[in-house]
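Below is one structure, written out as structure tokens, with a few remarks after it.
Just so it is clear, none of the values below were taken in a lab; they were calculated from the coordinates. Remember, it's a predicted structure, so these values are computed and weren't measured experimentally. Reconstructed Cβ throughout: ideal geometry from the backbone, glycine too, with neighbour counts over all protein chains shown.
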């Protein structure tokens, strides 16, 4: 496939932090994607919560299935607009590597426990995973991803004026142009994240019975898609699947049309022109932006704050907060080399070790550790 001139070009890559001899014909971004897929943090996403904890059912999304859905949507958009598909896919697959157990609930608990030491930010932790925590090479820590992949991860939510600690420290050694827009590929990955979680959370909420089709009929755009799906079949499960497909299709096609307009207006000649732009080139039309905001508001009130979800998130926050607090106060409770690295309790060094240890847990491992540390009847 011929790429657009304003796509990221592999031959113009700014390279990697650590020099490596290329041993095959893969592009640097194919290698980046493959390194993400094979790393341990990616595998653990299958046991980390999206909205529903993994024990609530096999059909609900996890962080892994969410990342795969983001990658599928992102790659489709990238292909249609002529961007580098491999870099886009890499960023989509890697964007949640730093999420702790229990998703955003676990993040809040961990942030509260570590607030005196900078708290916790999952985007910073994702960057920490790929630059420090993965230990798969003899000569260096991290995955040694390309500059373009690291730039995209660092600026997943746009330009950074006040970067978190890990990203700020890396930027001092290998500047990532944090104040500028990121590549179109990274913008697509971030945008696909938004499309994916809105769509699959709507699907999971319907499957879980947190709301019904009738409740979403008043929503702009989405309501019409529900009515269209109901014309095709009366079977609820089929309506739900038809709706998911229609929502993704509608959001993606609107994004393609709007992004094409923005690119035409900007008339970029290179990826650097995309980075130098005043705003992102990927986005929704005003009508679809309003519809997407209405859907987010609906999901926030009817799903994320549903009493059943509230109970689970309360427990999840409690587990991660207690785990991090106990281990920070008593690092002697940490296993093996974690204990040695932490040193004495309640220091910045101990906080960094506890942050990495707890954030790297899966849901079930966190629950097991919580029981071992708080229940005298459970063997250590």
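Counting other beta carbons within 10 Å of each residue's own, what order do 174, 1 fall into, fewest first?
With the sparsest Cβ surroundings first, the list reads 1, 174.
Would the chain count as rounded, prolate or oblate if I go by the C-alpha gyration tensor, calling it rounded below 1.5 in a/c and otherwise prolate when a/b exceeds b/c, oblate otherwise?
oblate
Give me the distance in nm between label points sitting 7 Å out from Cα along the Cα-to-Cβ direction at residue 301 and residue 11, one decimal.
5.6
Once the Cβ-Cβ distance between residue 141 and residue 266 is put in as r, and R0 is 41 Å, what FRET efficiency do you end up with, to the nearest 0.05?
Efficiency computed from Cβ-Cβ geometry: 0.60.
In nm, what is the difference between 0.36 nm times the number of residues separating residue 1 and residue 25 and their Cα-Cα distance?
7.0 nm
Can you put 131, 362 in order of Cβ neighbours within 10 angstrom, beginning with the fewest?
Fewest to most other Cβ atoms nearby, the residues stand as 362, 131.
For region 192-305, how big is the tail of P(r) above 25 Å, as a whole percent of Cα pairs?
For region 192-305, the fraction of Cα-Cα distances above 25 Å is 30 percent.
Does a label point 7 Å from the Cα of residue 169, set along Cα-to-beta-carbon, have any residues of region 319-357 with amide nitrogen under 15 Å, and which are they?
Backbone N within reach: 341-343, 347-357.
Suppose only helical runs count, i.e. DSSP H with n ≥ 4. What mean residue ellipticity at 222 nm does that imply for the chain under -39500 (n - 2.57) per run, divided by all residues and rounded to the nearest 500 deg cm²/dmol?
Only helices count here, giving -18500 deg cm²/dmol.
Express the relative contact order of region 290-380 as a whole percentage, based on alpha carbon pairs under 8 Å and six or more residues apart in sequence.
21
Ranking request for peptides 14-27, 269-282, 110-123: highest mean number of other beta-carbon atoms within 10 Å first, then the rest in descending order.
By packing density, highest mean first, the sequence is 110-123, 269-282, 14-27.
Between region 150-172 and region 17-46, what is the separation of their alpha carbon centroids in Å?
20
Using alpha-carbon pairs under 8 Å, 6+ residues apart, how would you state the relative contact order of region 26-173 in percent?
22
In whole Å, what is the distance between the alpha-carbon centres of region 66-122 and region 277-337?
Region 66-122 and region 277-337 have Cα centres spaced 12 Å from each other.
Pairs of alpha-carbon atoms within less than 8 angstrom and 6+ residues apart define the contacts here; what relative contact order does region 117-169 have, in percent?
39
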